Amino acid sequence: MATGSDHGLKRIVWKRIQDTIITDCRNSEVWKILILDPFTTKLLSSCCKMSDLMSEKITNCPDDLFNKMRQACGKHIRVCKEINISFMPQEAQVFTCDNPGAFRSIYSPKSQDKTKTLETLAGQLVTLCATLDEYPGIRYKKDGNMENAKLLAELVDRKLDTHYQLDDSGKKKEKTQAQLLIVDRGFDPVTPILHELTYQAMAYDLIDIENDTYKYKARDGLEKQALLNEDDMLWVKLRHQHIAEVSAQIPKMVKEISASKKQPDGKITISNLAQMMKKMPAFRKQMTEKTIHLQLAEDCMKHFANNVEKLCKAEQDLAVGADVDGLKVKDPMRTLLPVLLNPYSKHDKIRAVLLYIFSLNGTTEENLNKLIEHVKIEGEPEYIQNWKELGVPIIITPSFFSRKPNRRERSQEERYSLSRWIPTIKDVMEDVVENKLDTKEWPHQSECPAAWNGSGAVSARQKHRASTQDDRRTGSRLIIFVIGGISFSEMRCAYEVTRAMKTCEVIIGSSHILTPTVLLDDIKALSKGPMESFTLEVETKA
C-alpha cells in the first residue's frame, strides 16, 4: 500500500487524496489514470512519488489515449469526486498558496485586483483548515497603516462559516482548539533582509537554488544536481542548524560511514561480504547524501569567508540595536559606513541601508538621498522607497509615531555572535501558546474555546480540570499566515516552538517563500503597472 510522505502536512494531504479518490478504485484490478491540471500536478508531486501511484495501479496516460478521451470522455465518466485542496504542502509544518504574484497584487499602488487576490488566498486558507479538520478562532495583527490582515481575517472567517454550515453531516461544526493568526509582511521587515547563518536559510540566500534543486560540480568534475526536500533525511536533520555545526558534523559523518565499511581485522569472509552486499544500496544512498551536503556546506562557507562574515557583524548590530557585548548602538551610521565604503554587491549594500533605516524607524529625505547616492542606485531608488507600500516607515515625518514591539529577553539563548537576531514571529508564536498575546494589538475576528482566548480564562466545563497552561493547550494547533511571503528563518521558528512547547503544533504559510533577493526585486517591481492577467485567463479557459 502506498504510504506517501511521512512528513506532517504532506502526509495529511496524501491521506486525504487516498481516502477521497483512490480508495474507491482499489477494488478494481484494472489500471487507472489521473487527469491533472498544472496546479494539481504540482500538488500531487509535493506529497507523493510515482511509486506511490504505481502501487495503487495508477499510471501515465499515453498521448494517443489521452486524445481519444478528450474527444469523448464525458459519456464514460462514472463517478466524479471533488477534493478541496488548493494549497501546497511545502514541508512538514510549512504551506504556500503557490502565488508569488500576490505580492504585487496586494502592495502595488497601481493594483486593480487586491481584493480579488485576498479572496483567493482566503479560499485557499479555508481548504487548509478543512484538510486539517480545524475550525479555528481567527486573530490578526492590528496595524494603522495597512488593513490587509483585517480584511483577510474577515474573508477567511466568512468563508469558514459557510464551509462548515454545508458540512456533509448536516450539523454545523463547532470551533476547534486551534487558532489562525494573520499578519502582514510589514510587521517584521528585518528578518527577511538579514544574512542568516542557519543551513537552509543561508543556502537559499547565497547559492543559486531553483525549484529546490542544488546544482554543483562533484569532486570527479561532473556536473550534478540534488533535490533538497524531506525525502533527504540528512537535509531534514541539518537544515535548521547553524552553519558552524553543519560544517563540523558532515565530515565526521563521512568518516564514520567510510570506517563502517571496513572490516576491523582487514579480512573478508563470505559472511561479512554477504552483509556488505546487502547494505550496499543503503550505504551508497548515505554516502551520496553526505557528499551533497559536504559540497553545499563548503559552498556556503566560501561565501561566509569572502564577505558574509563582515556583513553579518554590521547587520546584527543594526537589527538588534546593540553590539555583541550588549552595548547600545548609539550612532547607527558608524555601523553602516564600513559597509558603504567596501566593495560589496549592490544588493548587500541595499540590505544594510534598509536595516539602518529600520533601526531608526525612518530617516529624513535628505539623508535617504545621500544613502541612495552612496549605493549608486539613483536610477532605481524603488528598492528602498517602495517599502512604504508595506507600511514600513522610510521617510520620517514630525507627525509620525511608531512603537517598536517589545521583544522577549533572549540573551541566555545566544550561542553565536553573528546570529543574535530572532525573528519577531517567534515571540508571537510563544506568546500565543502561553496566552500572553495582547488583545489590543491582536484583536479576535472570531474566538475559539476559552483555552485560547488570550486571557487565560477557562470555561465552566473546564473548571474541574487543572488550569496550567500545558493542560489547556494540549493537542492544539497554531496556524500562522504571513501576507506577502515568509522567510526560511520564520519557517524554522515554527519547528523550534513546536519542539520546545511540545503540546502545540505550529504551522506557518504564505503566498510564497522569500529569499532576500526575491523580496528586494519584488519591492522594486511595485512601481510597475498591474500584472498581466493573461496567464490566469488561459488557465481558467483551459
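Any read-out appearing in this document is the output of simple, stated calculations on the displayed coordinates, not a laboratory observation. Please read these numbers as outputs of a predicted model, since none were measured by experiment. All Cβ positions, even for glycine, are placed from backbone atoms using ideal geometry, and neighbour counts span all protein chains on display.
Descriptive notes on the structure:
- Amide H within-cut-off set for Leu514, under 5 Å, with H built and near neighbours excluded: Ile486, Ser487, Phe488
- Under 5 Å, built H, 5+ apart or other chain: amide partners of Ile58: Lys32
- Highest average packing first - 349-357, 103-111, Cβ atoms within 10 Å: 349-357, 103-111
- Dipole of segment 304-431 computed with +1 at Lys/Arg Cβ and -1 at Asp/Glu Cβ about the Cα centre; of Asn307, Ile384, Leu354, farthest Cα towards the positive end is Asn307.
- Chymotrypsin sites (Phe, Trp or Tyr not before Pro) within segment 406-453, DSSP loop, no more than 15 other Cβ atoms inside 10 Å: Tyr416
- With the simple model of a label 7 Å out from the Cα in the direction of the Cβ, Asp331 to Lys310 spans 2.1 nm.
- Packing, as the average of other Cβ atoms within 10 Å across residues, places the peptides 43-50, 209-216 in the order 43-50, 209-216, highest first.
- Nearest-0.05 FRET efficiency for Lys346 and Glu298, computed from C-beta distance (R0 25 Å): 0.45
- Taking 0.36 nm per residue of sequence separation and removing the Cα-Cα distance, the Glu147/Val254 pair yields an extension gain of 33.3 nm.
- Taking the average, over residues, of other Cβ atoms within 10 Å as the packing measure, peptides 364-372, 506-514 rank 506-514, 364-372 from highest down.
- The modelled label-to-label distance for the pair Asp431/Ala244, using points 7 Å beyond Cα in the direction of Cβ, is 3.0 nm.
- Cross-link pairs beyond the 26 Å C-alpha cut-off, checked among Lys150/Lys346; Lys217/Lys426; Lys172/Lys502; Lys10/Lys436; Lys252/Lys285: Lys150/Lys346; Lys217/Lys426; Lys172/Lys502; Lys10/Lys436
- Under Karplus coefficients 6.51, -1.76 and 1.60, residue-wise ³J(HN,Hα) of segment 175-188 in Hz, glycine/proline x: 4, 9, 7, 9, 9, 10, 10, 10, 9, 8, 4, x, 4, 9
- Sum of side-chain charges, Leu514 neighbourhood, beta-carbon under 11 Å (Lys, Arg +1; Asp, Glu -1): -3
- Annotation: extensible slack from Gln165 through Thr364 equals 66.4 nm (criterion: 0.36 nm per residue apart, minus Cα-Cα distance).
- Nonlocal amide H pairs with Ile479, under 5 Å, H built at 1.01 Å: Gln179, Leu180, Leu181, Ile507
- Note on Thr397 and Glu414: their simple-model spin labels are 3.7 nm apart, each label 7 Å out from Cα toward Cβ.
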